[in-house]
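Asks: One structure, pasted below without further comment.
Values in this text are rule-based calculations from the coordinates and carry no lab data. Computed from a predicted model, the values in this text were never measured in an experiment.
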Amino acid sequence: MSTHNHPRRIVLRSLLATGCAWCLPRLSLAQSGKMTKAQAQYQNQPKGDQKCGNCMHFIPPDSCLIVEGSISTDAWCKLWIKKPAEEPVGKM
Ligand code: SF4
């Protein structure tokens, strides 16, 4: 009788394990509010023209809105998004 349910149990356990593997990084993100450098694949070098200093998430002098820790202006991560050009102030 119990051997009849065995494949179903294996499938259920696999689904549970897969779900946990998917959830754990998101739970850790939810706790800190930011991604770790490893999760963001942070590197200490720019990627071509892309670097933290011209990313829209960069907060001078050395922070990031979405990646935790000290951030270098010349670093890069996979979440890089080009910072929008600043519009001139005072023109009407
Ligand atoms: S590239 Fe952008 S998102 Fe990534 S660490 Fe630098 S400032 Fe943050």
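Asks: Under 18 Å from the Cα of LYS34, which aspartates and glutamates turn up, not counting those fewer than eight places away in the same chain?
Replies: Candidates past the 8-residue exclusion: ASP62, GLU68.
Asks: Let me ask something else. Suppose the chain between LYS83 and SER63 were pulled fully straight at 0.36 nm per residue; how much longer would it get relative to their current alpha carbon spacing?
Replies: Details: separation 20, 0.36 × 20 = 7.20 nm, distance 1.47 nm.
Contour length minus Cα-Cα distance gives 5.7 nm.
Asks: On to the next question. Could you name the aspartates and glutamates whose alpha carbon sits less than 15 Å from that of LYS82, not counting residues in the same chain fewer than 8 places away?
Replies: Leaving aside aspartates and glutamates fewer than 8 places away in the same chain, those within reach of LYS82 are ASP49, ASP74.
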